[in-house]
1. Just want to confirm a number: the relative contact order over the range B:53-209, from Cα pairs under 8 angstrom separated by 6+ residues, in percent.
2. Which angle from 0 to 90°, rounded to the nearest 10, does the C-alpha axis of helix A:7-24 make with the longest principal axis of chain A?
3. If you place +1 on the Cβ of every Lys and Arg and -1 on the Cβ of every Asp and Glu, how big does the dipole about the Cα centre of the range B:43-196 come out, in debye to the nearest 20?
4. Provide B:D219, B:D142 in ascending order of the number of other Cβ atoms located within 10 Å of each residue's Cβ, fewest first.
5. Using θ = phi - 60° and the Karplus form 6.51 cos²θ - 1.76 cosθ + 1.60, what ³J(HN,Hα) does each residue of the range B:284-297 get, whole Hz, x for Gly and Pro?
6. Using only the alpha-carbon atoms, how far is helix B:159-171 inclined from the longest principal axis of chain B? Give it as 0 to 90 degrees, nearest 10.
7. With a cut-off of 8 Å between alpha carbons and a minimum separation of six or more residues, what is the relative contact order of chain B in percent?
8. When the helices in chain B are scored as -39500 (n - 2.57) per DSSP H run of 4 or longer and the sum is shared across all residues, what 222 nm value do you end up with, to the nearest 500 deg cm²/dmol?
Amino acid sequence: MPHHPSYLGVFLTFARNSLIRDMMFRANFIIEAISSVSWMAMNLGFYAIVYQKTDHIAGWGRYEFFVFIATTMLINSIVQTFFMPNAQELSELVRTGGLDFALLKPIDTQFLVSLHRVNWASLGNFVVALALLGYSVPRVEGFEFSPWQLVLYPVYVILGVFILYSVMIALAATSIWLGRNQSLYDFWFYITNFSRYPMEIYQGPWGTPLRQIFTFVIPILVVINVPARIMAWPLSADQAPLAVFAVLATAMSLLGSRWVFKKALWSYRSASS
Amino acid sequence: MNAIEIRGLKKSYRVYQKKEGLWASLTGLFQREYRDVEAVRGIDLDVEQGEFVAFLGPNGAGKTTTLKLLSGVISPSGGQARVLGHVPWQRENEYRRRFALVMGQKNQLWWDLPAQESFRLHQKIYRIDTDQFQRTLDELVDMLDVRHVLKQPVRELSLGERMKMELTAALLHSPEVLFLDEPTIGLDVIAQHNVQKFLKHYQEKRKITILLTSHYMKDIAALCRRVVIIAHGDIMYDGSLAGIVDRFSGHKVLSLQFADGRMPSDLARYGEVLEVVEPKARLKVDRSSIAKVLSSVLANHTIEDVSVEDPPLEDVIAEMFALSAEDDQTAPNNSPVPSPQP
């Protein structure tokens, strides 16, 4: 028997079991898919209204901004599909002692805890986001297609997902320290709110420090901004420093969250029998 | 060879002392009082490969904590332990492939899915090759007689069936050491018996090392030659089940049936009167004086029937727990008697 578990095999089984489960509760699955797609549609409608009054928000024209929104939807749908149900469940696992079982398995505990459920219903948004992207990109003023965009865009979308995941799992892991029902997980929603807007709007005595904090301390501003710029703007050397920084930021975030998670597991107390 | 070696193993928890009332709860936000609870207080234990050992003790005695320490779920405050040569709380994959933990009060199977989907997941996690997996699974489901419910969602199974599925899941990777935490809790007599029968058979066949905690004396009498009694975090006894009575009970129970209803009124001079239902009486008599008392009774009264027995094991153990609770009022959960039998 090989000594390392097949991580891909385990993940595919998680995905398969989750799909079987979702199909058992079909109505719930459909409702969830529809409600998340409508939420996105409403968001989009809101910005469509805003762009009736103005041509630019902080330098982003209508279709450029739609590319930005599509990128937000794309990244969020991936996070919601693969990571969010698990991070949410972590404090429950701590409360009930279900984490015990995860710790017994000969496989990386963070992997197991982060991916054991896949929420397939959230992938509805992924499809909508791709459609919006396909619609908006050609309509961007002065759009010039470069094959590099097709390579870089997916890469930076995935890096963005990793940053959001890192912040999420590190915050959720605090429930292992804080114990029952207590977690900093909700902060994820407050913090990531800031990532949903172009960096350029953070200016002035309040905006600049916010931009710096959310770029260099908790790097959530690069999550959407970097891939969105790659797709919406012509590729230029000016973007390179931020793009290089995003790679570093992703690596640091993943390492940081790994450290927090391991530290937290070490102090796990387990629930009473 | 020892499968399990424990030296001076300790675990204490800091517990937040919540006071009653809203005001106290609010002040508790700023000023917290903590108390240290010693769940395990430096135990030493060796278990040989292939032994089937029972942990017996009241609620809060430290049994489950010990099993969790040995499974590496939690780390100790002091002391050492090695299981199959590994330090459990280092959580090495190599160790985690070689043991299993089953908890009677917790469920590790996917609740909404048939158990076989969870089994398939275990196959992937432990990377068991397909032939071997199928063989082990067939063997286990036949032994436990659960083939007919393999395709039923776990939430629709009876408690007994679910426990059998939990056992199957735990044994799929053929562990060398098995920790069982109250595997028969809440089961009816028949399901309990089935689980016992399975465990006995499986252990004899595979010669694996099993550490079992239970409240049910019947589990232990049926399965384990060696019993370790743990109360308030300390080991109080380590030996055979029968040995408990010899060691901890200083008396015997003398049952008498008097002829023609001639029951003497001064029975108490022979020993402590436990029960009188004329013409029968039961007395508690010091072990050392049983011969003297018996001959004196036979000389002075007309006796139709007589028997001398050891007190029931449950009573001896309950008495022992009560004593240890008196010795130690500071320990948590001072419940002196084990849970009632179902």
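1. Taking the mean separation of contacting Cα pairs over the length of the range B:53-209, I get 27 percent.
2. 90 degrees
3. For the range B:43-196, the charge dipole is close to 500 debye.
4. So the residues, fewest neighbours to most, are B:D142, B:D219.
5. So the Karplus estimates, Gly and Pro as x, are 9, 10, 4, 4, 5, 10, 4, 5, 5, 4, 4, 5, 5, 5 Hz.
6. So the helix axis and the longest Cα principal axis differ by about 60 degrees.
7. RCO, chain B: 20 percent.
8. -10000 deg cm²/dmol
Quick note: the coordinates plus some simple rules give every number you see, no bench work behind them. What you see is a predicted model; the values in this text were computed from it and never measured. All Cβ positions, glycine included, derive from the backbone under ideal geometry; neighbour counts span all protein chains shown.
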